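Below is one structure, written out as structure tokens; the observations come after it.
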Amino acid sequence: MFYQYNHSGVSQYYCKEYGKNFNFPVHLHQSYELITVLSGEMTVTVNSKEYKIKRGEGVLVFPNQLHSLESENCEHMLCIFSGELVKAYTTKISGRRPEKNKFLLPESLVTAIDTLSDDGSVLAKKGVLYLACAEFDKTAEYREKSEMDFGLLDKIFSFVEKNFAGECSLKKLGLEKGYSYSYISRYFKKTTGITINTYINQYRISNACYMLSNTNATVLECAMESGYESLRSFNRNFMAHTGKTPTEYRKINKKTE
């Protein structure tokens, strides 16, 4: 399992990807992910539940849900977007998760999503994404998040989200959540396949990537606001995760109005 730092859940993040005969291992990120098939069949696994989908069907993965994709002789379209783009829906389902992630996706919606572009109108994106969420909501049954279903994992995600810019240590996490830090460390590694320190670093890099792409903050400010105490440490970690220096990343990804 790994965390996709490039799929940020903040602000108005949106991207669309196409692929063929696609296999992607278990991973998670902060955004919603709408998966649909253009031809053939794909198997999508979300939190250990397996769904087989074909054209006219979709899977809506919620933020921080573990999921994987597997297909042969299949063409697909992925739409990955921040909860901020569908804030009313995100607020409505806050603290809940769907019993199942698969739903029927009308052809008109598939076409509408296909016409959206990454750098297109935010209003157009919101309109289509709200329609997709409304279609999902028609048949969805939700349940409250519980300790039995990644409850501790959700608590860890929430802790990191609130504390990544400052002290985000296992000791503090253990004291706040009422678990020993050694138990949390073992649990997180067993559940996700990565260490919690790796996850925290990836989350911080994700925040820095967003700031570099969407703000005029200096590299030092991006580092400090992402929880790094030194520019040297930030530059080393950023290069390790992205393969680029912060300045190189900004040149390639900086968004202009």
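The values are calculated or read from the model by the stated rules, or taken from the named source; none is laboratory data. The model shown is predicted, which means the values in this text are computed figures rather than measured ones. Cβ coordinates were reconstructed from backbone atoms using ideal geometry, including for glycine residues, and neighbour counts include every protein chain displayed.
For region 225-250, how many residues are outside any loop (DSSP other than H, G, I, E, B) and farther than 18 Å from GLN202 by Cβ?
So the answer is 5.
When you check VAL128 against the structure, is it under 23 Å from VAL46 (Cβ atoms), in contact with a Leu (Cβ under 7 Å, 6 or more places away or on another chain) and among the β-branched types (Val, Ile, Thr), yes or no?
Answer is yes for this residue.
Can you find a residue that is surrounded by fewer than 18 Cβ atoms within 10 Å (Cβ to Cβ), among the hydroxyl-bearing types (Ser, Thr, Tyr), under 24 Å from SER117 (Cβ atoms) and under 13 Å from the mean Cα position of the chain (by Cα) anywhere in region 9-24?
Among the residues of region 9-24, at least one is surrounded by fewer than 18 Cβ atoms within 10 Å (Cβ to Cβ), among the hydroxyl-bearing types (Ser, Thr, Tyr), under 24 Å from SER117 (Cβ atoms) and under 13 Å from the mean Cα position of the chain (by Cα), which makes the answer yes.
Taking only pairs six or more apart or across chains, which ones have beta-carbon atoms under 9 Å, a first residue in region 155-179 that is within 18 Å of PHE234 (Cα to Cα) and free of Cβ contacts under 8 Å to residues at least 40 places away in the same chain, and a second residue that is assigned to a helix (DSSP H, G or I) and of a type outside the set (A, V, I, L, M)?
ASN163/LYS172; ASN163/GLU176; SER169/ASN163; SER169/TYR181
Is there any pair with a first residue in region 231-248 that is of a type in the set (A, V, I, L, M) and a second that is not in a helix (DSSP H, G or I) whose Cβ atoms are under 7 Å apart and which are 6 or more apart or on different chains, and what are they?
Listed pairs, sorted by first residue: MET239/THR245.
Does region 172-185 contain at least one residue that is surrounded by 13 or more Cβ atoms within 10 Å (Cβ to Cβ), on the phi > 0 side of the Ramachandran plot and not in a helix (DSSP H, G or I)?
Within region 172-185, not a single residue is surrounded by 13 or more Cβ atoms within 10 Å (Cβ to Cβ), on the phi > 0 side of the Ramachandran plot and not in a helix (DSSP H, G or I).
Given the conditions (1) surrounded by 16 or more Cβ atoms within 10 Å (Cβ to Cβ); (2) more than 22 Å from GLU167 (Cβ to Cβ); (3) modelled with pLDDT of 95 or more, which single one is not true for THR218?
Failing condition for THR218: (1).
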